[in-house]
Each structure stands twice: as C-alpha cells, then as structure tokens.
Amino acid sequence: GAVVSQHPSRVICKSGTSVKIECRSLDFQATTMFWYRQFPKQSLMLMATSNEGSKATYEQGVEKDKFLINHASLTLSTLTVTSAHPEDSSFYICSARGTTVSTDTQYFGPGTRLTVL
Amino acid sequence: AQSVTQLDSHVSVSEGTPVLLRCNYSSSYSPSLFWYVQHPNKGLQLLLKYTSAATLVKGINGFEAEFKKSETSFHLTKPSAHMSDAAEYFCVVPYYGGSQGNLIFGKGTKLSVKP
C-alpha cells in the first residue's frame, strides 16, 4: 500500500516550452502533496506544499509563477514548469501524505528527470 | 530549530560486512525520525521510522536504527551488507517534530558495497 506514481519518468524539452509532471497516489487519498527538487549528488529541497483544493505554499526562493502546482483531487497533483530553461534541468520528486495511511509519513514517487535543452 | 547531520558523505564496505551510517539530530523536543533510501535515478523509499514507541526500530531489508536521546543520534545499521544495498541514504526529521509539516533532509550518505 501507499504507492505514489509520477509521469513522465523522463522528459526532454526545448528551452521556452512548458512541461507538466503528474503525481498520483494510487491506493490512498493524499490530502497533502509535496514537490521536491534534487540536483546531482545533493539532497532534496522542498519546493512547495499543496493541500487538496487550496493554493500551494511555496518555499522561499521558489517562483510560483514559474512552477505552477495544482492539487485538484485527492489523488492527483501536477507541477508545470513554465517557460523552461536549462537551469531548470533537475530531478523532480513528489511525495504524498494522507489520512488513510500513516499520517506522519510521506510516500515518495519515483521522480521525473527533466532535461531542458 | 530542527536539523539532522549525516556525519559521512560516503561509506564503503565489503559485501557481508556490517553497515553503519551515522546521523545526529538537533531538536528542542523528541522528534520523529526517518531513514529513506534512494537508488540511482529512483525516488525515495522509507526504510524505517522512529515515533517514540521503541528506541530500537527495525526496518525493511534487514536495516535497523537506534534512537539515543543522550547522544542525539539515530544511526542506521545492518549486520551484513548486500550488493543491492548500494544507494544513497537520507536521515530525515519532520519540520515540526511530529505529524505536521515538512521534512528536513540530511545531506545524504552514499553507501558503496564492494564484492
């Protein structure tokens, strides 16, 4: 139980285009989802926290107009990287926390590798 | 403020020998603590978690960790390393020390396992 999926697993796009990444909780309802970014050989950095049906809360230094987060249902959150640039290339990981699974634990997706050319 | 410090950025062991990955935490009260593992280009998998029920916590794949308040430590151990244990390991504390809030990640320890 408590499986989180992400799609796509890898994406390559041209500079200036937008990319959408989906995060789904497959067998539980995710009241809260988190989006992280991981640079090579570094730890995870929290970008934003989203609660179902409300606006996401962004961490300091994260541009909310560039990284659009939507948490429209209890099983789906999306991260859209708008007008992507090469410096946005990174490994993006989502996690989810719900009320029907252990509430103090975040369950992570497998990550999405974004490469912007 | 809460924080975790992973004392080693890289640990190398031989297959079949014990594993010790060190983590110290800083918190003004007894926190929850987690260990996550990340294999190359993969997401994170929860190994184990401490939530004050027992100081010795057993996790998946033969790993365990002991919460020592006097030493503010939560070291991860395994009696015998396997090649498949080679990965990055993160010690994590919730931001608010309980079931609320976000996670604070240590910088990670890369475990290499030699044949």
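It is to be established whether one or more residues within the stretch A:63-71 are in a loop (DSSP other than H, G, I, E, B) and within 14 Å of chain B (Cβ to nearest Cβ). Before you say what the answer is, go through the steps one by one.
Quick first cut of the stretch A:63-71, residues in a loop (DSSP other than H, G, I, E, B) only: A:63-66.
If we keep only those that are within 14 Å of chain B (Cβ to nearest Cβ) too, we end up with none.
Among the residues of the stretch A:63-71, not one is in a loop (DSSP other than H, G, I, E, B) and within 14 Å of chain B (Cβ to nearest Cβ), which makes the answer no.
Confirm whether B:Ser9 is surrounded by fewer than 14 Cβ atoms within 10 Å (Cβ to Cβ), within 14 Å of the chain's Cα centre (by Cα) and facing chain A (nearest Cβ under 10 Å).
On the way: surrounded by fewer than 14 Cβ atoms within 10 Å (Cβ to Cβ): yes; within 14 Å of the chain's Cα centre (by Cα): yes; facing chain A (nearest Cβ under 10 Å): yes.
So B:Ser9 fits the description; yes.
Please identify the pairs in which a residue from the stretch B:23-42 that is within 11 Å of another protein chain (Cβ to nearest Cβ) and under 16 Å from A:Tyr36 (Cα atoms) has its Cβ atom under 8 Å from the Cβ atom of a residue that is in a strand (DSSP E or B) and among the polar types (S, T, N, Q), counting only partners at least 6 apart or on another chain.
Going by the 8 Å Cβ cut-off, the qualifying pairs are B:Tyr36/B:Gln45; B:Val37/B:Gln45; B:Gln38/B:Gln45.
Based on what the data block shows, is A:Met33 more than 21 Å from A:Thr115 (Cβ to Cβ), of a type outside the set (D, E, K, R) and assigned to a strand (DSSP E or B)?
On the way: more than 21 Å from A:Thr115 (Cβ to Cβ): yes; of a type outside the set (D, E, K, R): yes; assigned to a strand (DSSP E or B): yes.
The answer is yes for A:Met33.
Being out of contact with any Asp or Glu (no Cβ under 6 Å at 6 or more places or on another chain), at pLDDT 95 or above and not in a strand (DSSP E or B), is that true of even one residue in the stretch B:68-79?
yes
Can you tell which of B:Ser14, B:Ser26, B:Ser30 is modelled with pLDDT of 95 or more, of a type in the set (S, T, N, Q) and out of contact with any His (no Cβ under 7 Å at 6 or more places or on another chain)? Even if it seems obvious, please write down each step before you answer.
Numbers: B:Ser26 fails: modelled with pLDDT of 95 or more; B:Ser30 fails: modelled with pLDDT of 95 or more.
Going through B:Ser14, B:Ser26, B:Ser30 in turn, just one is modelled with pLDDT of 95 or more, of a type in the set (S, T, N, Q) and out of contact with any His (no Cβ under 7 Å at 6 or more places or on another chain): B:Ser14.
Quickly run through the stretch A:14-31 and pick out the residues that are within 13 Å of chain B (Cβ to nearest Cβ) and modelled with pLDDT under 90.
A:Thr31, the sole residue that qualifies.
With respect to A:Asp88, is the statement that it is at pLDDT 90 or above, farther than 27 Å from B:Glu88 by Cα and away from every other protein chain (no Cβ under 14 Å) true?
Details: at pLDDT 90 or above: yes; farther than 27 Å from B:Glu88 by Cα: no; away from every other protein chain (no Cβ under 14 Å): yes.
No, not satisfied.
What are the residue pairs meeting all of these: first residue in the stretch A:39-60, first residue at pLDDT below 85 and assigned to a loop (DSSP other than H, G, I, E, B), second residue among the polar types (S, T, N, Q) and exposed (fewer than 14 other Cβ atoms within 10 Å of the Cβ), Cβ atoms under 8 Å, and 6 or more apart or on different chains?
A:Glu52/A:Ser73
The values are calculated or read from the model by the stated rules, or taken from the named source; none is laboratory data. Computed from a predicted structure; not experimentally measured. Every residue, glycine among them, receives a Cβ derived from its backbone with ideal geometry; neighbour counts consider all protein chains shown.
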